[in-house]
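The values are calculated or read from the model by the stated rules, or taken from the named source; none is laboratory data. As the structure is a computational prediction, the values presented were derived from the model and not from experiment. Note that we place each Cβ from the backbone using ideal geometry, even for glycine, and neighbour counts take in every protein chain shown. Heavy atoms of the whole protein, side chains included, go into the accessibility calculation; ligands, DNA and RNA do not. Shrake-Rupley method; radii C 1.70, N 1.55, O 1.52, S 1.80 Å.
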Amino acid sequence: QKGYGIGSAISLFIATNVCESIVWKSFSPTTINTGRGTEFEGALIALFQLMITKTDKVRALQEAFYRQNLPNVTNLLATVLVFVLVVYFQGFQVELPITPAKTKGMAGQYYPIKLFYTSNMPIILQTALVSNLYFISQILYKRYPENIIIHVLGRWEEPEMSVSGQMRPVGGIAYYISPLNSFAEIVSDPVHALLYIIFILASCALFSKTWIQVSGTSASDVSKQLRDQQMVMKGFRASSMQRELNRYIPTAAAFGGMCIGALSIVADFMGAIGSGTGILLAVTTIYQSWETIRKESNGDAMKMFG
């Protein structure tokens, strides 16, 4: 946090935790008795175990890819797919040509406006909102379990065979904004799926547009920064830069926020290892750290040859 490292310490801790979870659930040597015999927790280790010990190889592959209540190969492939999609969309951007105001005709630079203009902030804010709602709802439900108004906010129960004692929402607002973890759950409760999708997309877009206003990255803020640096957009006067930036920045913020939310939904629906939110936070943090390292390396190289 004092500038000795790269990026935010909190984001790096989150990314490390998510990566640790993915590696552990892929290669965990822990054995668990599932009722069908002893199986390894790690998806890849379980794949090799089943292929070696089962005589019916097709059945072994089916079990490795689709086994329930433990990480499976499908979950792992879904996680890899989400990683690739997020990195791919990170490259989407519009580059606006800018040039020094006092040096006409000089080779200009470009101001990039990325699709993920607000990075992972929309999903962080949305997660904080849901976590606080869950916290308040659980406390009120435990205190007033028969109150009808509390039921509207959320009804909770502890899952069978649960050893952690963690409760899950089974009704009310808390239930309809909770993620679904498979396509089977979507088919069984399409209303829940529809309301969850609408909530995620709308909240991420709203938080993204709000964030640019409070973080100093709105069109007016960027226009002021460029004027302070004696830069203008090519083909536009300094007085008209804000209007031109307004064509791109609010749209990038809202649409980028919706894309982040959509990727989180896809990750949850496909059963990716870790939550969709956690995977997005990890990928965006790792990508930002890599970009920072690359920029600093290029800057050092320019100093060496300059």
| Here are some conditions: (1) buried (at least 17 other Cβ atoms within 10 Å of the Cβ); (2) out of contact with any Pro (no Cβ under 6 Å at 6 or more places or on another chain). Ile260 meets all but one. Which one does it not meet? | (2)
| task | Could you check how many residues of segment 183-227 are in contact (Cβ under 8 Å) with a residue 12 or more places away in the chain, more than 25 Å from Leu115 (Cβ to Cβ) and open to solvent by 90 Å² or more (accessible area, probe 1.4 Å)? | result | 2
| request: Go through segment 116-140 and give me each residue that's under 19 Å from the mean Cα position of the chain (by Cα) and surrounded by fewer than 17 Cβ atoms within 10 Å (Cβ to Cβ). | output: Ala128, Leu129, Ser131, Asn132
| message | Testing Pro29 on (1) in a loop (DSSP other than H, G, I, E, B); (2) under 26 Å from Glu185 (Cα atoms); (3) at pLDDT 85 or above, one condition comes back false. Which one is that? | response | (2)
| message | Condition (residue is part of a helix (DSSP H, G or I), free of Cβ contacts under 8 Å to residues at least 40 places away in the same chain and surrounded by 13 or more Cβ atoms within 10 Å (Cβ to Cβ)) applied to segment 2-9: is it met by at least one residue? | response | no
| request: For Ile113, state whether it is under 27 Å from Ala202 (Cα atoms), part of a helix (DSSP H, G or I) and touching a residue at least 40 places away in the same chain (Cβ under 8 Å). | output: no
| message | What are the pairs with Cβ atoms under 6 angstrom where one residue, in segment 29-43, is within 13 Å of Arg67 (Cα to Cα) and the other, located anywhere, is assigned to a loop (DSSP other than H, G, I, E, B) and among the polar types (S, T, N, Q)? Sequence gap at least six, or different chains. | response | Glu41/Ser28; Glu41/Thr30; Gly42/Ser28; Ala43/Asn72
| note | The correct count of residues that are out of contact with any Asp or Glu (no Cβ under 9 Å at 6 or more places or on another chain) and open to solvent by less than 70 Å² (accessible area, probe 1.4 Å) in segment 48-62 is 2
| request: Just give me the residues in segment 48-75 being out of contact with any Gly (no Cβ under 9 Å at 6 or more places or on another chain) and of a type in the set (Ser, Thr, Tyr), in sequence order. | output: Thr55, Tyr66
| task | Could you please let me know if Phe83 is farther than 16 Å from Gly274 by Cα, among the aromatic types (Phe, Trp, Tyr) and in a helix (DSSP H, G or I)? | result | no
| query | Can you pull out the residues in segment 16-46 that are open to solvent by less than 60 Å² (accessible area, probe 1.4 Å) and among the charged types (D, E, K, R)? | reply | Glu39, Glu41
| note | Of those in segment 32-55 that are within 23 Å of Gly276 (Cβ to Cβ) and outside any helix (DSSP H, G or I), the residue nearest to the chain's Cα centre (by Cα) is Gly42
| request: May I ask you to say which residue of Gln230, Gln242 is under 20 Å from Gln109 (Cβ atoms), touching a residue at least 24 places away in the same chain (Cβ under 8 Å), open to solvent by 20 Å² or more (accessible area, probe 1.4 Å) and not basic (Lys, Arg)? | output: Gln230
| said: Among (1) out of contact with any Gly (no Cβ under 8 Å at 6 or more places or on another chain); (2) more than 21 Å from Trp290 (Cα to Cα); (3) open to solvent by less than 40 Å² (accessible area, probe 1.4 Å), there is one condition Ala78 misses while meeting the rest; what is its number? | reply: (1)
| request: Restricting attention to segment 146-182, report how many residues are at pLDDT 90 or above and either touching a Cys at 6+ places or on another chain (Cβ under 7 Å) or open to solvent by less than 60 Å² (accessible area, probe 1.4 Å) (or both). | output: 13
| said: Just to be sure before I move on: is Val58 in a helix (DSSP H, G or I), among the aliphatic types (A, V, I, L, M) and more than 17 Å from the chain's Cα centre (by Cα) in the structure I sent? | reply: yes
